[in-house]
Amino acid sequence: MGVNPSFEGDSVDASVTLDDARGFFNKISSRISSQTPAGSCNIKPTEALLLLQNYEESRQGWFWSTDALGNLTYITDSIAHVLGAKPAELIGKPMISLFRKPVDSNASSRTLPFILTKKMKFSSLEVQAANSTEECWLSISGRPYQDKFGNFQGFRGSGNDVTAQRRLSIDTSRLAMFDSLTGLANRASMSKKLETTLLAYQVQKRACAVMLVDLDRFKQINDTLGHPAGDALLKQVAERLLKVVGQSGEVCRLGGDEFQIMLPDTDDRGVLGDLASKIISSLSQPYSVEGNRCIIGASIGVSISPFDGLTSEDIVKSADLALYEAKGNGRGRFRFYSSGLQQAAEDRRLLEEHLRDAIGKGELELAYQPIVNAKTNIVEGFEALMRWNHPERGQISPALFIPIAEEANLIWDLGRWAIQQACEDAVKWPGKARVAVNVSPSQFANDLFPAVVDDALGASGLRAERLELEITEGVFMAENNETHAMFNSLKKRGVRLALDDFGTGYSSLSYLQKAPFDKIKIDQNFVRGATEAGSRNGAIIAAIVALAEALGMETTAEGIETLDEFELIKKMNVSHVQGFVYSKAVSNKELVENLEGGHWVIEPAGPAHHRNERLSMYRKVRMIHENHVYSIVIRNLSKTGALVDGLFNVPVGTNFVIDFGDGQLAVATVSRSSGNQQGIKFETPLVSDGNGGLCTSRRVSPYLIAEAGLEVPNLPAGYVPTKKIEKDSLSLPAFSTVADWEATKIKPK
């Protein structure tokens, strides 16, 4: 409490302060004298006052004192100004009025009012200044003092400004819990939060979903534009994720181009599928980074606790398997976890090994789907579609092995073989039909690709204008000089260029102005449902056709299967049609036979109207009726129903529950019945599983299954159901034969 000129003019407060100060500094003087050799130091109170006044003025610390009522009797000049007042204005005010009331202190912490009331000694108590213009934190220490009779007189203490240290501590803590680039929670923070949430939800029997998001083709942006551009892109990705997810969940960056989303109290796979689709759509829109237009994509794996795991480790592992499946099946899609994914991952690994030798062993061949003039019904070209005849597994769908080839960097070899084989086949066809070959973005980005085209044309003798290269919008993900140079190089060779799957990815009119396309292919997603009332797909198709005509390009509508779709397409002046309404893909031998006269005319044929897409399959499931369980087989499946067999003469109107496994139960009613086959209709439509399949929107919690008395392998150890039903009432022997069915005589409810 040094000699402060601003206080000496105040007769009352200054006298109190000066008396306090003299007593305080007399003690300091005595202590100094006792710690030095006799006669070597004899500091006077006034000198001690000057010494500590210099300390105050250095702003390294400050002093304060109160009376017995807790009102200030002294405060250092510099800190008074920090508190938004002059020293004289603060003297006589309650000490506690200078600081904000803590809002986040726990119940066991001792606050300043409590300490002053209890007359306790305290040290390094951090408080926030109440009236400072900027956020200010102070560390204060103090102890009570008495007069010579032992009567409590107040507190004396010191303090220092710890704002900088506190900010540093907060920044350090933030760096430990948040990603420094995007500001999102980091892996450690999300892992801790997910673990805590799942532990609590086990007790409360609540659901929690986890999404793993992996960016597609991000590495190419990093490699072509540099890491600073990649970092800027990641920031924009984080912003889009936060906007799409909103308040429904929490987003974190795991590192690199991987993100994780936690969605508490969410288990509806219809809702989750919609959210995943919105995320993929949002992240796939073009970005502007340092003057460059960049396009990436995203794949998502989804798992839900408690169905797919209970611990944070298990649920993240499940989501990771689902993500691997999504990326392995073509990227740009989402996938829910299922118990078969582990086996699927192993199957894909084996297929990758076999695919490496498939070309050399002659297991690959090309099939050709006709591309037909919509006005004349004359075949004018064919799209080459790769087929793999596996020696053990038979025909393997391109939807399965092409993504494997891309993941394993085999697509270059497969693509080169496809162009060479297509040219060799086409040059032998009667007439002048063109052949179209798909080109992947990785092929297009390779400087050696024009040489592959030259080799194929040169070796086969096929004229360049009969070769059509189908290129997807993915080649424009990072528009640069190399992209334009590749287009110019190919066009100089005289080959035709078609823009495939237009409208489904990164559609932009800007690249149609620059890229020399001869044709736009309208994706089948726009054709599906175009004839339904209220659909906008027809308007979109009309706009694409008008755009193509204005640019002097042909149009081909893909995936036309029904006559009503075909008629709609014709009315909109689409020039060419490709789909089952004309023909499926045929072998090269069958193609040559049909082109024998130089022309192949196909009359359109097929169903009159589109119906919900049905997936053909042979899948064994359980059908539950009252307390009986039957084994049946699903032959085909749609969102609204299925064709099943395995039971005999089931009455129309019979209600069943179909158990698809993994907690998927669907209530269904028999809508038609003939012999051992039944058509069933679901009470609640199925939803997309993100991978071309279907699943139930919700699943039955394993806790409820346990309550029914059935064993559930992934429940916590020691979990005891609150209610238990005898197993025998739910697990009677399954009936699947005609004799069994006749014996049970199930009647409709």
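The values are calculated or read from the model by the stated rules, or taken from the named source; none is laboratory data. Computed from a predicted structure; not experimentally measured. A quick note on method: Cβ atoms are made from the backbone with ideal geometry, for glycine too, and the neighbour counts reach across all protein chains shown. Just so you know, the surface numbers come from the protein's heavy atoms only, side chains and all, with ligands and any DNA or RNA stripped out. Shrake-Rupley method; radii C 1.70, N 1.55, O 1.52, S 1.80 Å.
Exactly one condition in (1) open to solvent by 20 Å² or more (accessible area, probe 1.4 Å); (2) over 21 Å from Pro398 (Cα atoms); (3) in contact (Cβ under 8 Å) with a residue 12 or more places away in the chain is not met by Val302; state its number.
Val302 satisfies all of (1) open to solvent by 20 Å² or more (accessible area, probe 1.4 Å); (2) over 21 Å from Pro398 (Cα atoms); (3) in contact (Cβ under 8 Å) with a residue 12 or more places away in the chain except (1).
Which of (1) among the aliphatic types (A, V, I, L, M); (2) farther than 23 Å from Val545 by Cα; (3) crowded, with 17+ Cβ neighbours inside 10 Å does Ile560 not meet, given it meets every other one?
Ile560 satisfies every listed condition except (2).
Provide a single number: the residues in region 414-445 that are part of a loop (DSSP other than H, G, I, E, B), open to solvent by 50 Å² or more (accessible area, probe 1.4 Å) and without any contact (Cβ under 8 Å) to a residue 60 or more places away in the chain.
Applying the first criterion (part of a loop (DSSP other than H, G, I, E, B)) to region 414-445 yields 427-433, 440, 445.
Of the ones still in play, those that are also open to solvent by 50 Å² or more (accessible area, probe 1.4 Å) are 427-428, 432, 445.
Among the residues that remain, those that are also without any contact (Cβ under 8 Å) to a residue 60 or more places away in the chain are: 427, 432.
The number of residues fulfilling the criteria is 2.
All but one of (1) open to solvent by 70 Å² or more (accessible area, probe 1.4 Å); (2) at pLDDT 85 or above; (3) not aromatic (Phe, Trp, Tyr) hold for Ser583; state the number of the condition that does not hold.
Going through (1) open to solvent by 70 Å² or more (accessible area, probe 1.4 Å); (2) at pLDDT 85 or above; (3) not aromatic (Phe, Trp, Tyr) one by one, Ser583 breaks only (1).
What is the residue count in region 446-456 for residues that are out of contact with any helix residue (DSSP H, G or I) (no Cβ under 6 Å at 6 or more places or on another chain), hydrophobic (A, V, I, L, M, F, W, C) and open to solvent by less than 60 Å² (accessible area, probe 1.4 Å)?
So the count comes out to 2.
All but one of (1) assigned to a helix (DSSP H, G or I); (2) closer than 23 Å to Lys521 by Cα hold for Asn573; state the number of the condition that does not hold.
Exception for Asn573: condition (1).
Given the criteria within 13 Å of Ile680 (Cα to Cα), surrounded by fewer than 17 Cβ atoms within 10 Å (Cβ to Cβ) and out of contact with any Asp or Glu (no Cβ under 9 Å at 6 or more places or on another chain), does Val657 qualify?
Details: within 13 Å of Ile680 (Cα to Cα): yes; surrounded by fewer than 17 Cβ atoms within 10 Å (Cβ to Cβ): yes; out of contact with any Asp or Glu (no Cβ under 9 Å at 6 or more places or on another chain): yes.
Here the answer is yes, as Val657 does meet what is asked.
Name the residue that is farthest from the chain's Cα centre (by Cα), counting only residues in region 194-219 that are assigned to a helix (DSSP H, G or I) and crowded, with 17+ Cβ neighbours inside 10 Å.
Step by step, filter region 194-219, then rank; the result is Gln202.
What do you reckon, is Gln285 in a loop (DSSP other than H, G, I, E, B), closer than 21 Å to Glu473 by Cβ and open to solvent by 10 Å² or more (accessible area, probe 1.4 Å)? If you could, list the steps in order and put the result at the bottom.
Working: in a loop (DSSP other than H, G, I, E, B): yes; closer than 21 Å to Glu473 by Cβ: yes; open to solvent by 10 Å² or more (accessible area, probe 1.4 Å): yes.
Spelling it out, Gln285 is indeed in a loop (DSSP other than H, G, I, E, B), closer than 21 Å to Glu473 by Cβ and open to solvent by 10 Å² or more (accessible area, probe 1.4 Å).
Of Glu346, Glu353, Glu365, which residue is open to solvent by 40 Å² or more (accessible area, probe 1.4 Å) and either within 28 Å of the chain's Cα centre (by Cα) or among the aromatic types (Phe, Trp, Tyr) (or both)?
Sole residue among the options that is open to solvent by 40 Å² or more (accessible area, probe 1.4 Å) and either within 28 Å of the chain's Cα centre (by Cα) or among the aromatic types (Phe, Trp, Tyr) (or both): Glu346.
Would a scan of region 305-323 turn up a residue that is touching a residue at least 24 places away in the same chain (Cβ under 8 Å) and within 14 Å of Leu400 (Cβ to Cβ)?
No, region 305-323 contains no residue that is touching a residue at least 24 places away in the same chain (Cβ under 8 Å) and within 14 Å of Leu400 (Cβ to Cβ).
Would you call Ile624 open to solvent by less than 40 Å² (accessible area, probe 1.4 Å) and modelled with pLDDT under 90?
No; evaluated as a whole, the condition is false for this residue.
Can you give me the number of residues within region 398-413 that are modelled with pLDDT under 90, touching a helix residue (DSSP H, G or I) at 6+ places or on another chain (Cβ under 9 Å) and open to solvent by 40 Å² or more (accessible area, probe 1.4 Å)?
So the answer is 5.
Would you tally the residues in region 382-397 being at pLDDT 95 or above and at positive phi?
Of the residues in region 382-397, 0 are at pLDDT 95 or above and at positive phi.
Starting from region 386-412, keep only residues that are assigned to a helix (DSSP H, G or I), then list their pairs with residues that are at pLDDT 85 or above and among the small types (Gly, Ala, Ser) whose Cβ atoms are within a distance under 8 Å, requiring at least 6 positions of separation or different chains.
Glu406/Ser440; Ile411/Ala405; Ile411/Ser440
Taking the condition of being assigned to a loop (DSSP other than H, G, I, E, B), in contact with a helix residue (DSSP H, G or I) (Cβ under 6 Å, 6 or more places away or on another chain) and crowded, with 19+ Cβ neighbours inside 10 Å, how many residues in region 508-526 meet it?
Number satisfying all stated conditions: 1.
Can you tell me which condition Gly340 does not meet? The list is (1) of a type outside the set (Asp, Glu); (2) surrounded by fewer than 24 Cβ atoms within 10 Å (Cβ to Cβ); (3) touching an Asp or Glu at 6+ places or on another chain (Cβ under 8 Å), and all the others hold.
Here Gly340 clears every test but (3).
Within the set of pairs 6+ apart or on separate chains, which have a first residue in region 141-166 that is assigned to a helix (DSSP H, G or I) and at pLDDT below 90, a second that is of a type outside the set (A, V, I, L, M, F, W, C) and open to solvent by 40 Å² or more (accessible area, probe 1.4 Å), and C-beta atoms under 7 Å apart?
From residues that are assigned to a helix (DSSP H, G or I) and at pLDDT below 90, the pairs are Thr163/Glu135.
I need every pair where a residue in region 361-381 that is at positive phi has its Cβ under 8 Å from the Cβ of a residue that is among the hydroxyl-bearing types (Ser, Thr, Tyr) and open to solvent by less than 10 Å² (accessible area, probe 1.4 Å), sequence separation at least 6 or different chains.
none
Can we say Val629 is assigned to a strand (DSSP E or B), among the β-branched types (Val, Ile, Thr), in contact with a Leu (Cβ under 7 Å, 6 or more places away or on another chain) and farther than 30 Å from Leu563 by Cβ? Lay out the reasoning, then the answer.
Details: assigned to a strand (DSSP E or B): yes; among the β-branched types (Val, Ile, Thr): yes; in contact with a Leu (Cβ under 7 Å, 6 or more places away or on another chain): yes; farther than 30 Å from Leu563 by Cβ: yes.
The answer is yes for Val629.
For (1) surrounded by 14 or more Cβ atoms within 10 Å (Cβ to Cβ); (2) within 17 Å of Asn373 (Cβ to Cβ); (3) small (Gly, Ala, Ser), each residue gets a yes or a no:
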residue	(1), (2), (3)
Met572	yes, yes, no
Ser587	no, no, yes
Glu593	no, no, no
Glu596	no, no, no
Pro604	yes, yes, no
Pro607	no, no, no
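Restricting to region 59-82, and then to whatever is in a helix (DSSP H, G or I) and in contact with a helix residue (DSSP H, G or I) (Cβ under 6 Å, 6 or more places away or on another chain), can you tell me which residue is least open to solvent (accessible area, probe 1.4 Å)?
Ranking the qualifying residues of region 59-82, first place goes to Ala80.
Please state which one of Gly534, Gly529, Gly552 is under 14 Å from Leu497 (Cα atoms) and surrounded by fewer than 17 Cβ atoms within 10 Å (Cβ to Cβ).
Being under 14 Å from Leu497 (Cα atoms) and surrounded by fewer than 17 Cβ atoms within 10 Å (Cβ to Cβ) holds for just one of Gly534, Gly529, Gly552, which is Gly552.
Among the numbered criteria (1) in a strand (DSSP E or B); (2) closer than 24 Å to Ser701 by Cα; (3) out of contact with any Lys or Arg (no Cβ under 9 Å at 6 or more places or on another chain), which single criterion is violated by Ile658?
(3)
Provide a single number: the residues in region 259-277 that are open to solvent by 30 Å² or more (accessible area, probe 1.4 Å) and not charged (D, E, K, R).
3
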